[in-house]
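First up is the structure itself, then whatever we jot down about it.
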């Protein structure tokens, strides 16, 4: 299995060299840098999933990686006005093939891992930090049909469990864990866990550095009742 820490250290973004661009932090224009990001996504999936045997298997058989790769391309297209319609069409093809819907306007950081992936929805104005994990059936959606910012902002190292819904222009802090099937409609502070419907926020006594951030916190729901 790939060492994710080594991936982060090897692929730290270099200086932007004065470029003005609307890409996510750590991303720069250019085909070479795009290829570096795609390889980083591959390594991240291989590092996170204990079922992944080889990078080749991940590249060929992981729909979460495929959807993310297509999004990396469609997101760059989205910022060219004449390519917005093609960007939407490309994203819809990816949705048809993978079962994962990512709007090309969504801002996604580095090393996102979408596990299984079926039913994941990421809205247009959603923003996702680095090293986040989304499980199948999770939604980063809106609560209204108004224009403007209407989808969540996730910090770094956020985990969203299977079937969880994070709705509206809420802010989810770094190292937050959202339990399976939770419905989050309010901000969640860094290092907390969010469980239940509607989600209740709890800050575990165990420090963030000592927790297994890949483990779904839904097992803690008994403490929320």
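The values are calculated or read from the model by the stated rules, or taken from the named source; none is laboratory data. Note that this is a predicted model, so its numbers are computed, not measured. Note that each Cβ is placed from the backbone with ideal geometry, even for glycine, and that neighbours are counted across all protein chains shown.
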(request) Would you mind stating whether residue 143 is more than 17 Å from the chain's Cα centre (by Cα) and over 19 Å from residue 115 (Cβ atoms)? (result) yes
(message) Looking at the range 76-98, can you tell me whether even one residue there is crowded, with 22+ Cβ neighbours inside 10 Å and in a loop (DSSP other than H, G, I, E, B)?
(response) no
(message) So residue 198 ticks every box in (1) in contact with a helix residue (DSSP H, G or I) (Cβ under 8 Å, 6 or more places away or on another chain); (2) assigned to a loop (DSSP other than H, G, I, E, B) but one. Which box is left unticked?
(response) (1)
(request) Could you grab me the full set of residues in the range 80-120 that are out of contact with any helix residue (DSSP H, G or I) (no Cβ under 9 Å at 6 or more places or on another chain) and either under 25 Å from residue 161 (Cβ atoms) or touching a residue at least 40 places away in the same chain (Cβ under 8 Å) (or both)? (result) 109, 119
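Residues are listed down the side, and each one gets a yes or a no for (1) at pLDDT 95 or above; (2) outside any strand (DSSP E or B); (3) touching a strand residue (DSSP E or B) at 6+ places or on another chain (Cβ under 7 Å):
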position: 144; (1), (2), (3): no, yes, no
position: 166; (1), (2), (3): yes, no, yes
position: 169; (1), (2), (3): yes, yes, no
position: 181; (1), (2), (3): no, yes, no
position: 186; (1), (2), (3): yes, yes, no
(request) Among the candidates 94, 67, 59, 45, single out the residue that is within 19 Å of the chain's Cα centre (by Cα), under 27 Å from residue 215 (Cα atoms) and modelled with pLDDT of 95 or more. (result) 67
(request) Would you point out which residue out of 70, 65 is touching a helix residue (DSSP H, G or I) at 6+ places or on another chain (Cβ under 6 Å) and crowded, with 23+ Cβ neighbours inside 10 Å? (result) 65
(message) Within the range 147-163, does at least one residue satisfy the condition of being without any contact (Cβ under 8 Å) to a residue 12 or more places away in the chain, part of a loop (DSSP other than H, G, I, E, B) and more than 18 Å from residue 196 (Cβ to Cβ)?
(response) yes
(request) From (1) surrounded by fewer than 18 Cβ atoms within 10 Å (Cβ to Cβ); (2) assigned to a loop (DSSP other than H, G, I, E, B), pick out the condition that doesn't hold for residue 110. (result) (1)
(request) Determine whether the range 13-28 contains at least one residue that is out of contact with any helix residue (DSSP H, G or I) (no Cβ under 9 Å at 6 or more places or on another chain), over 23 Å from residue 101 (Cα atoms) and at pLDDT 60 or above. (result) no
